[in-house]
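I have placed the structure first, in the form of structure tokens, so that the comments after it can refer back to it.
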Amino acid sequence: MRPEFNSRRSCVVCTKGCVASSQHLASQIGIDILKAGGNAADAAVAMAATLNVTEPCSTGIGGDAFCLFYDAKAKKVHSVNGSGRAPSKLTLDLLSQQGYTTHKPFPAQAHGHAVTVPGAPAAWVDTVEKFGSGKLSMLQVLQPAIELAETGFPVQELTATSWSKGSYLLTDPNNIHGKDMLLNGQAPKHGEIMRFPLLANTFKELATHGKAGFYSGRVANAVAEVVQHHGGVMTTDDLANHVTTFEDPISVDYKGYRVWEVPPNGQGITTLIALNILEGMDLTGMGHNSVEYIHTLVESLKLSFTDTAWFCADISQVDVPIPQLLSKGYAARRRALIKPESASRSIQHGSFNVGTDTVYFTTADQEGNACSFINSNFMGFGTGFVPEGCGFTLQNRGSGFSLDPKHPNVVAPNKRPYHTIIPGMVTDAESNDLLVSFGVMGGFMQPQGQVQTLMNMVEFGMDPQRALDAPRVCVGGPYGFDSSIMTVEEGISLDIVKNLKSLGHTVEGPLTGENRSYFGRGQIITRGPVFRGKLAGKEVTPTLWAGSDPRADGVAIGYCT
């Protein structure tokens with residue numbers, strides 16, 4: 001029987017601390033960490049590890065992580081890029097010699113070349129060390145996830161569905177240790193108890209030895225070995241040389257709301273370009289999810305994605321024109337390309353002279369700090385490759401590279417690929433006070449989901465839960481961007497679909513039931529009722545408001561004492 005997605009959750013309101021995630025056990029552990037004296041960063045990392053246990057078909061220590069941390073004392077947003085890099089021996093020449101080209105790329109999930117160095121474990125340690133409370137050790141932060149992995153947990157309904165869909169990767173005879181992620185050789189069913197003792201041991205090594213517990217020794221050897229077994233060229237040196245980077249976040253001012261993102265190689269710049277374009281439109285006057293609104297939204301997203309698909313690349317190796325892409329003048333020129341009476345058919349990226357499953361979760365603590373955190377394997381279990389004795393799968397982020405030698409995102413040694421996962425944050429453009437910590441997971445749906453949920457709050461006055469409940473649209477799909485197709489969700493009427501088609505849009509859907517996960521799964525915490533206007537959140541002790549997406553198994557939890 002298909003699960004229904006009708007939500008009648010009230011928005012969670014509290015004062016001391018709050019968390020929201022796609023798994024209720026992760027949310028509960030986040031609250032426990034806050035109550036034990038940890039702050040928003042500590043709670044986020046504890047939840048990241050817990051989600052690896054309870055939702056390994058979306059995330060894990062074999063993947064990557066990005067984070068935005070709001071420091072309440074300094075009123076400053078910090079950015080953590082925890083994405084991994086290509087192996088030092090992975091060159092375009094090597095791929096060409098092996099017969100891989102732009103028109104015939106290596107398999108996205110069935111080849112070792114798809115694996116980049118996992119960045120999540122280093123990001124976890126670095127986030128706690130740089131932004132944590134200092135009151136809890138790494139072992140204390142990871143201990144709840146370790147205990148859950150050892151003692152077992154009941155699998156949630158939507159997670160069981162995703163686990164089953166991805167289980168073919170784990171049962172592949174060439175994936176020798178895939179069985180470690182199964183229960184009696186099969187994906188666990190809803191309510192069945194799953195244990196991960198091998199993953200618990202991996203967590204213990206990270207907790208005890210820090211980053212060296214993952215990037216050297218037994219775990220690193222196992223990772224390199226399984227990647228090479230599947231045709232990749234990753235070595236233990238590639239793992240040992242991995243570092244997290246702390247970069248200045250990028251932002252734009254949308255009508256007094258300053259929206260923050262991690263800079264490229266993450267696709268958060270897509271959100272910001274779209275917001276700049278939309279800022280010049282009367283969205284409120286159009287009406288929520290009206291034909292005019294959806295048309296304008298989709299055309300703006302097409303323009304922003306077209307730019308991102310070309311310019312988004314590793315800024316340590318490529319000169320990405322971020323100031324130009326985020327200028328208001330450029331947005332005005334792009335906005336002028338939108339035709340109210342018809343859908344665009346062919347869009348080119350801008351030109352400047354210059355020298356693509358996931359879990360998202362968010363936390364806020366009583367000191368006013370917040371952490372917007374996202375962790376991912378990319379496509380479900382990623383490659384599905386399981387290192388011997390480790391209890392996790394490896395991501396397939398390497399499939400995000402281009403094999404076009406002229407493309408800024410072309411594959412190269414020690415380079416980070418185009419990355420889909422993006423945490424979001426909003427502050428008051430004048431005071432720098434925190435307003436929103438939010439994100440929507442789901443591949444190329446992520447910036448689209450961020451824009452739609454943010455507009456739901458600031459343009460249409462919805463609280464965080466209502467903003468997440470509202471039906472969405474998606475241009476292209478979660479694992480690729482195709483500007484010629486728009487998919488709509490149940491709740492958008494057939495009359496609206498008909499009128500969108502009359503404008504020249506190719507529309508699929510409405511999608512119903514469990515297929516609504518296509519539109520991403522978000523979490524939101526606001527400080528104060530900012531959806532009633534920015535000034536509404538400026539009490540001396542602002543209330544935290546939170547929502548959790550009905551398209552996932554999760555929940556928002558808060559506390560007051």
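The values are calculated or read from the model by the stated rules, or taken from the named source; none is laboratory data. No experiment lies behind these values; they were computed from the predicted model shown. Heads up, the Cβs are rebuilt from the backbone with ideal geometry, glycines too, and the neighbour counts pull from every protein chain shown.
What are the residues in the stretch 431-448 that are touching a Lys or Arg at 6+ places or on another chain (Cβ under 9 Å) and more than 26 Å from Ala108 (Cβ to Cβ), if any? Outline the logic, then answer.
The first filter runs over the stretch 431-448 and keeps only residues touching a Lys or Arg at 6+ places or on another chain (Cβ under 9 Å), leaving 431-437, 440-442, 445, 448.
Answer for the stretch 431-448, where residues must be touching a Lys or Arg at 6+ places or on another chain (Cβ under 9 Å) and more than 26 Å from Ala108 (Cβ to Cβ): Ser431, Asn432, Asp433, Leu434, Leu435, Val436, Ser437.
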When (1) of a type in the set (Lys, Arg); (2) within 30 Å of Thr236 (Cα to Cα); (3) over 22 Å from the mean Cα position of the chain (by Cα) are applied to Arg416, the one that fails is (3)
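Looking at Ser346, is it modelled with pLDDT under 65 and at negative phi?
Details: modelled with pLDDT under 65: yes; at negative phi: yes.
Yes.
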Filtering the stretch 482-506 down to residues that are of a type outside the set (S, T, N, Q), under 26 Å from Trp310 (Cβ atoms) and buried (at least 21 other Cβ atoms within 10 Å of the Cβ) yields Met486, His505
Those helices (runs of 4 or more DSSP H) completely within the stretch 208-262 that have 3 or more residues that are over 19 Å from Gly84 (Cα atoms), modelled with pLDDT under 95 and under 24 Å from the mean Cα position of the chain (by Cα) are none
Residue list for the stretch 27-46, filter: under 16 Å from Ile525 (Cα atoms) and either surrounded by fewer than 24 Cβ atoms within 10 Å (Cβ to Cβ) or touching a Leu at 6+ places or on another chain (Cβ under 7 Å) (or both): Gln28, Ile31, Ala43
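Restricting to the stretch 270-290, what's the tally of residues that are out of contact with any Ser or Thr (no Cβ under 6 Å at 6 or more places or on another chain), closer than 17 Å to Gln448 by Cα and assigned to a helix (DSSP H, G or I)? Give the derivation first.
Taking the stretch 270-290 first, the residues out of contact with any Ser or Thr (no Cβ under 6 Å at 6 or more places or on another chain) are 271-272, 275-276, 279-280, 282-290.
Of the ones still in play, those that are also closer than 17 Å to Gln448 by Cα are 271-272, 275-276, 279, 283, 288-290.
Among the residues that remain, those that are also assigned to a helix (DSSP H, G or I) are: 271-272, 275-276, 283.
Summing the residues that are out of contact with any Ser or Thr (no Cβ under 6 Å at 6 or more places or on another chain), closer than 17 Å to Gln448 by Cα and assigned to a helix (DSSP H, G or I) in the stretch 270-290 gives 5.
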Could you please give the count of residues in the stretch 49-83 that are within 17 Å of Phe214 (Cα to Cα), in a loop (DSSP other than H, G, I, E, B) and either in contact with a strand residue (DSSP E or B) (Cβ under 7 Å, 6 or more places away or on another chain) or of a type in the set (S, T, N, Q) (or both)? 3
Residue within the stretch 153-162 that is buried (at least 21 other Cβ atoms within 10 Å of the Cβ), of a type in the set (Val, Ile, Thr), outside any helix (DSSP H, G or I) and within 19 Å of the chain's Cα centre (by Cα) present: no
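Taking the stretch 17-39, which residues are assigned to a loop (DSSP other than H, G, I, E, B) and modelled with pLDDT of 95 or more? Reasoning before the result, please.
Step one: list which residues in the stretch 17-39 are assigned to a loop (DSSP other than H, G, I, E, B), which gives 22, 36-39.
The answer is Ala36, Gly37, Gly38, Asn39.
Please tell me if Ser402 is under 24 Å from Leu239 (Cα atoms), surrounded by fewer than 24 Cβ atoms within 10 Å (Cβ to Cβ) and out of contact with any Gly (no Cβ under 7 Å at 6 or more places or on another chain). First the steps, then the outcome.
Details: under 24 Å from Leu239 (Cα atoms): yes; surrounded by fewer than 24 Cβ atoms within 10 Å (Cβ to Cβ): yes; out of contact with any Gly (no Cβ under 7 Å at 6 or more places or on another chain): yes.
Yes; evaluated as a whole, the condition is true for this residue.
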Scan (1) over 15 Å from the mean Cα position of the chain (by Cα); (2) under 30 Å from Val141 (Cβ atoms) for the single condition Leu95 breaks and write down its number. (2)
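Output yes when any residue across the stretch 439-459 is out of contact with any helix residue (DSSP H, G or I) (no Cβ under 9 Å at 6 or more places or on another chain), in a strand (DSSP E or B) and on the phi < 0 side of the Ramachandran plot, and no when none is.
Filtering the stretch 439-459 down to residues out of contact with any helix residue (DSSP H, G or I) (no Cβ under 9 Å at 6 or more places or on another chain) leaves 443.
From what's left, in a strand (DSSP E or B): none.
Looking through the stretch 439-459, none of the residues is out of contact with any helix residue (DSSP H, G or I) (no Cβ under 9 Å at 6 or more places or on another chain), in a strand (DSSP E or B) and on the phi < 0 side of the Ramachandran plot.
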I need the full set of residues from the stretch 405-426 which are crowded, with 23+ Cβ neighbours inside 10 Å and in a strand (DSSP E or B), in order please. His419, Gly424, Met425, Val426
The lone condition Ser304 fails out of (1) in contact with a Lys or Arg (Cβ under 7 Å, 6 or more places away or on another chain); (2) surrounded by 23 or more Cβ atoms within 10 Å (Cβ to Cβ) is (1)
